[in-house]
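The values are calculated or read from the model by the stated rules, or taken from the named source; none is laboratory data. None of the values given here were measured: they were computed from a predicted structure. Backbone-built Cβ (ideal geometry, glycine too); neighbour counts: all protein chains shown.
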Amino acid sequence: MTLPKSPSQRLDGKRALVTGASSGIGQGCAVALAEAGAHVVCAARGVEKLQATVDAVAREGWSAEAVALDMGDLDALATMLGGQAPFDVVVNSAGLARHGPAFETTPEDFDAAMGLNLRAAYFLSVGAAKGMRGKGGSIIHISSQMGHVGGVDRAVYCAAKHGLEGMVKSMAIEWGRENIRINTICPTFIRTPLTAGTFDDPERAAWIADKIKLGRVGEVEDIMGAVAYLASDASAMVTGTSMLIDGGWTAG
């Protein structure tokens, strides 16, 4: 009898790009991929924090480099992609939020949220996928549980994330024959510097605690295993879907 063999979750010899890699979830994703053996190109606007991340990765004996990038600048994005060898894995963790009542949303708020969370994600996906033609690859977007439900003061953010989920499904259909996989990871509230203000608000903190069935907020480490899985051959049959890491938020 020949027993089946578990697919490897190693990424040795692979090239990966992680946007928003200087802190929080993006930094965790970069570490997870580097630890699995990939050479990780870490991209973000904040060069000093980005280089600190790359230096820390190198001290662990892993491989990474820093690239300054404003994801909202599509010309800069295209130039960066054109100046790099094709990537095997792309993780998009760049994003922003303009939370507030829908009655108070300005066109500037709307455009900023859509511009980075959806427009930039769209053209990053297209540019990365062009480089994956003929060899395949994995594109992973850090979306949100708010791409599947609604939330207080989050009309614009939810609109962008719901749009991202639909975009990913459509691209998966188009690119499946090229063995280009594209998926999302949808976290609940993760404890990062960017979410500190939310957790400092007693009303918001109580709302979050009531919705997360596991009884705790998420940590960056909760995302790292998922990104390594979706980047590797262990998820070779996974495309056009979302991995909800939400502690049961969307279960009801």
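Before moving on, here are some points about what is shown:
- Unmet requirement for Leu214, which otherwise passes all of (1) modelled with pLDDT of 95 or more; (2) outside any loop (DSSP other than H, G, I, E, B): (2)
- Residue match in segment 217-225 (condition: surrounded by 15 or more Cβ atoms within 10 Å (Cβ to Cβ), modelled with pLDDT under 95 and either assigned to a loop (DSSP other than H, G, I, E, B) or over 17 Å from the mean Cα position of the chain (by Cα) (or both)): yes
- Some residue of segment 238-246 being surrounded by 15 or more Cβ atoms within 10 Å (Cβ to Cβ), modelled with pLDDT under 95, charged (D, E, K, R) and not in a helix (DSSP H, G or I): no
- Extreme residue, surrounded by the fewest Cβ atoms within 10 Å (Cβ to Cβ), among residues of segment 90-115 that are in contact with a helix residue (DSSP H, G or I) (Cβ under 7 Å, 6 or more places away or on another chain) and β-branched (Val, Ile, Thr): Thr105
- Scan of segment 152-190 for residues that are part of a helix (DSSP H, G or I) and aliphatic (A, V, I, L, M), ordered by number: Ala155, Val156, Ala159, Ala160, Leu164, Met167, Val168, Met171, Ala172, Ile173
- Entry remark, segment 100-138: residues being in a loop (DSSP other than H, G, I, E, B) and either under 23 Å from Pro187 (Cα atoms) or touching a strand residue (DSSP E or B) at 6+ places or on another chain (Cβ under 8 Å) (or both) number 4 in total.
- Considering only residues in segment 139-151 that are part of a loop (DSSP other than H, G, I, E, B) and not hydroxyl-bearing (Ser, Thr, Tyr), the one that is modelled with the lowest pLDDT turns out to be Gly151.
- Ala97 being assigned to a strand (DSSP E or B) and under 18 Å from the mean Cα position of the chain (by Cα): no
- Looking only at residues of segment 116-173 that are under 14 Å from the mean Cα position of the chain (by Cα) and among the charged types (D, E, K, R), we find that the one that is surrounded by the fewest Cβ atoms within 10 Å (Cβ to Cβ) is Glu165.
This table checks each residue for (1) at pLDDT below 95; (2) aliphatic (A, V, I, L, M); (3) in contact with a His (Cβ under 6 Å, 6 or more places away or on another chain).
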{"site": "Glu60", "(1), (2), (3)": "no, no, no"}
{"site": "Leu69", "(1), (2), (3)": "no, yes, no"}
{"site": "Ala78", "(1), (2), (3)": "no, yes, no"}
{"site": "Asp88", "(1), (2), (3)": "no, no, no"}
{"site": "Gly95", "(1), (2), (3)": "yes, no, no"}
{"site": "Pro101", "(1), (2), (3)": "no, no, no"}
{"site": "Phe110", "(1), (2), (3)": "no, no, no"}
{"site": "Tyr122", "(1), (2), (3)": "no, no, no"}
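- Every residue from segment 168-224 that is without any contact (Cβ under 8 Å) to a residue 24 or more places away in the chain, of a type in the set (Lys, Arg) and under 30 Å from Pro86 (Cβ atoms): Arg177
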